[in-house]
1. Please list 227-235, 199-207, 251-259 highest first by mean number of surrounding beta-carbon atoms within 10 Å per residue.
2. How much length, in nm to one decimal, is gained on full extension between L223 and A153, taken as 0.36 nm per residue of separation minus their Cα-Cα distance?
3. With a point put 7 Å past each Cα toward its Cβ, work out how far A253 is from S232 in nm, to one decimal.
4. At D270 and S122, where each label point lies 7 Å from the Cα along Cα→Cβ, what is the point-to-point distance in nanometres?
5. Kindly put C186, C116 in sequence by how many other C-beta atoms sit within 10 Å of each C-beta, fewest to most.
6. With r as the distance between the Cβ atoms of E48 and E210 and R0 = 35 Å, compute the FRET efficiency 1/(1 + (r/R0)^6) and round to 0.05.
7. Hey, can you rank 14-23, 217-226, 53-62, 173-182 by average C-beta count inside 10 Å, highest first?
8. What residues have an amide H closer than 5 Å to that of G18, excluding those fewer than 5 places away on the same chain, when H is modeled at 1.01 Å from N in the peptide plane?
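What follows draws every value from the coordinates through simple rules; no lab data is involved. Just so it is clear, the model here is predicted, and its values are computed rather than measured. A quick note on method: Cβ atoms are made from the backbone with ideal geometry, for glycine too, and the neighbour counts reach across all protein chains shown.
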Amino acid sequence: MNATNVGEPHILVVGMDGIRHDVLLAAHTPVIDRLASNGVLLPVPVHEKNVTISGPVWATVSTGVYMDQHGVLGNEDQPIGTAGFADFTELLRAARPALQTMVAATWFPLVRRGGCGPLFSSGGWVPPVDPEDENSGPSWITADDDAAAYAAARLAVEDLAVSFVYFGESDVHAHSFGTGPGYTDCIQRCDARLGLLLNAIEQRPNRAQEDWTVIVVTDHGHLDEGGHGGDSREERTAWMLASGASVPEGITALDHADIAAHVLATFGVDHSALAGIPFGRR
């Protein structure tokens, strides 16, 4: 799990929206399984200060603080964004300007103004057509595939210290059709997209001189019939996977807010203002 740090640190964070932990474990996900075998995959309860809605939880992932600080209360229009709290890529670049980062997302509020966004304050890539315009399975599959291809192309050749890539089709499917076989298919496509990103990393010309950490996270679960926002175990149980050079042994608990703190700590940047803490300290 915790490879010896011999090279430059790099971190890839992949967000997969609305994937239930129990359904994930039952799905055929060879890429996630391989990472978990060399890391940790844990259920993560949505923090009591957050509701089980995408905007607030992804804002916690990006900023390392909860609703009571970042102020994102839902997915709806609001003028405050993340209340002045910068995302972890912006905080990293502010402390170490020479480092490069990437954000690619298919849910526009993550990186664009509108709805509850931008949750990543410095913006990022979105597909040319908003999948919410049609809000169908095909529109989200196309968008998520495009995001994976875009991110993989950059990961293969650019010196990106930290990247965040988001896929949304699983959540959209569950809202319409519940958590049955089609939902499992969505999860398995997300796993394949993750594999595309990891293959790009392995093709990097200086891969042997780099220490990579991969973090995969979902924001909330779903009811059997689809839907979230409540306090049931199915809705409040998210999960997180962490594998790679910066991940210590013996992790027994993780929190969404820990991602931002861990990213900053890996690069020696102060994270004391955040609610989260680096991995392995809970």
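1. Numbers: 227-235: 15.9, 199-207: 13.3, 251-259: 22.1.
In descending order of packing, they fall as 251-259, 227-235, 199-207.
2. Details: separation 70, 0.36 × 70 = 25.20 nm, distance 3.56 nm.
Taking L223 through A153 to full extension adds about 21.6 nm, to one decimal.
3. Inter-label distance under the simple model: 2.6 nm.
4. Label-label distance for D270 and S122, simple model: 1.9 nm.
5. C116, C186
6. Working: r = 38 Å, r/R0 = 1.07.
The computed FRET efficiency comes out at 0.40.
7. Answer by packing, highest mean first, reads 53-62, 14-23, 217-226, 173-182.
8. The list, which skips near neighbours in sequence, is D219, H220.
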